[in-house]
1. Return, in residue-number order, each cysteine of chain A whose C-beta is not under 4.7 Å from any other cysteine's C-beta.
2. Could you calculate, for segment A:103-154, the ratio of the Cα radius of gyration to the Kirkwood radius, expressed as Rg to Rh?
3. Determine the dipole magnitude for segment B:3-256: charges of +1 sit on the beta-carbon of Lys and Arg, -1 on that of Asp and Glu, nothing else is charged, the reference point is the Cα centre, and the result goes in debye to the nearest 20.
4. Would you list the P(r) distribution for segment A:1-108, with all Cα-Cα distances sorted into 10 Å bins from 0 and each bin expressed as a whole %?
5. In Å and on Cα atoms, what radius of gyration and Dmax does segment A:248-387 show?
6. Considering only Cα-Cα distances, which of the following residue pairs are longer than 21 Å: B:Lys11/B:Lys198; A:Lys365/A:Lys392; B:Lys11/B:Lys87; B:Lys76/B:Lys113?
7. Which number do you get for Rg(Cα) / (2.2 N^0.38 Å) in segment A:71-165?
8. Where does segment B:3-256 land on Rg/Rh, using Cα atoms and the Kirkwood Rh?
Amino acid sequence: MDYQVNKKGFYGEFGGAYIPEAMYPNIEELQSRYLDIMQSESFKKEFNELLRDYVGRPSPLYYARRLSERYGAKIYLKREDLNHTGSHKINNTIGQILIARQLGKTRIIAETGAGQHGVATATVCALMGIKCVVYMGALDVARQAPNVLRMKMLGAEVIPVESGNKTLKDATNGAMRDWINNPVDTHYIVGSVIGPHPYPDLVARLQSVISEEIRWQLKSHEGREEPDYVIACVGGGSNAAGAFYHFLDSPKVRLIGTEAAGLGADTPETAATLATGRPGVLHSCRSMLMQNEDGQITEPYSISAGLDYPGIGPMHANLFKTGRAEYMSITDQDALDAAFRLSLLEGIIPALESAHAFAVLEKRKFNPEDIVVVNVSGRGDKDMQTYIDVMKKGNE
Amino acid sequence: MNRIDQLFRNKKENVLSIYFTAGHPTLNSTVEIIKTLAQEGVDMIEIGIPFSDPVADGPVIQRSSQTALDNGMSLKLLFEQLRYIRKEVSIPLVLMGYLNPVLQYGVDAFCKKCAEIGIDGAILPDLPLDIFQEEYKTSFEQQGIHLIFLATPQTSDVRYRELDCQSGGFLYMVAASSITGAKTGFEEYQQKYFERIKDLNLSLPRVIGFGISTKDTFEHACRYANGAIIGSAFVNALEQEGSLKEKIQNYIRSIRS
């Protein structure tokens, strides 16, 4: 089976470009040019050099001895948290800023939830000397204050979005409205494998460096390229898309994505899209969506701002539907427990998003010879306030 | 014959179309707004189906949509409210909204319901031409419902001609490179754009919308097209003090005086 996007921009029944006519010229241009640009020698050379010298790639594939002992399997961590700016998001923004420059764009916009994509975008804009505007839900502006300040220090303008739940969905609405208002000079750096075609494919390709590296790194550790499990958290799903990408056609590699269940996938306070959603169209693509009977989008909830989104990338909706990947719902509490466990056992404080992936280790039984790769999509610096609050509560 | 086609056959200029959001300002104001607009001589009405995430709309219609949803409006309820509307008015009625509520209702069921009630067309800004043609065109055509396409200042001549061939009833000319919302006047690039499109000699009637708010902007737009659409400015007027009827009368008379 083919798990990649088809010529019309669909993954099975999901994907497409459900765009207002105002976005047509930009999307049409991107659709017709992204592959040529990305496959050109000059792009590849510059992209790879920046990933190596600026981002610090390859990111290590680290054998986690104490985690392995605890869970009775060979557990490796893919250290995207060690990238410049602290998460996998920079892989995508480096690629897109080069594409934007090739398209002659002079202004960049982006949406951000936890602020990681916003920081990664502000960073590459500073690097290239291009104007940067980041839309961020007002609630996220409040709960991710350090990242807001980082973006500002990097020269970006941060616009708080006051509509809806004031989180990632609303930030995306804000960015799309900006693009409609600024159709000529602006490129929209979408931060995940969501949005109209070609974004899900474009972002997945840029993030695929994660699984490309896992293959050769695992070969040198274990003498084989393919692990038994790859585990990654999923909001829109870009780190998971990158971690799964080069294993999609290797059916023996079991792929597990973790959605944010919030207070529980059976409660209204959740962001577990696949567990609770139905197919629909939001933000210009057809995918699984949290919505009511009337087709109104339900406000999601998660402790983690980066997973607090009522949709999911169309690639994941298709992997879910075809059964190629498995998706588990992880609650706030399970994610917090996993974050503290990883800190104590391995000396790695993960982002709250990434902690959702580690919660799987508690819930699954592995064989001692199983090789399990967990993607550490980001580091926990931005979440220290949440962790501090949890520790305070624990002491009371 | 579809009422939209009839309208443009009989009236080639100064067609006034008004948009409002169903369920705003109150849940049950839909029918009274339609009746009053028709009494005031408005030529066509666009009834907005509220959506939680109206990405192509500015602050006014974002707000009216949210109010409508908070009031309890849904597509199902809107169809209920409109059940006997053809006993009240005879001007063309168009439903305007985002694709997802229509998808969840079912596109076939939506078209059938429109035909049953006497709705003449639909505007769904996030349903693009290619997907419409492949998946939904038959449903609309079988029920005689026009699907009206939008075109913008960035739309190329070639694309304009394609939309002209595929749009039903009329072509919705978006006046500005922007989301919806009232503005004070037209800029030079808009002027040039209006002239460029006028010179294309398209086959469908054209109606200009986005940024039309006053008698001046309405008349200005009508020099380049068969008519114009007012949305945000009217929605805004409905939020002022006074009875619904007075607010509607005062606003329409200020445009048509």
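Each value in this text was obtained by applying a stated rule to the coordinates, not by laboratory testing. If you're wondering where the values come from, they're calculated on a predicted model, not measured in any experiment. All Cβ positions, glycine included, derive from the backbone under ideal geometry; neighbour counts span all protein chains shown.
1. Among the cysteines of chain A, those whose Cβ sits 4.7 Å or more from every other are A:Cys233, A:Cys285.
2. Numbers: Rg = 10.8 Å, Rh = 11.0 Å.
That ratio is 0.98, to two decimals.
3. Working: 26 positive and 31 negative charges, 135 e Å.
Result for segment B:3-256 is approximately 640 debye, rounded to the nearest 20.
4. Using 10 Å bins, I get a P(r) of 12, 27, 31, 21, 8, 1 for segment A:1-108.
5. Rg and Dmax of segment A:248-387, Cα atoms, are 15.5, 49 Å.
6. Over 21 Å apart, Cα to Cα: A:Lys365/A:Lys392; B:Lys11/B:Lys87.
7. Dividing the Cα radius of gyration by 2.2 N^0.38 Å gives 1.21.
8. For segment B:3-256, the value is 0.93.
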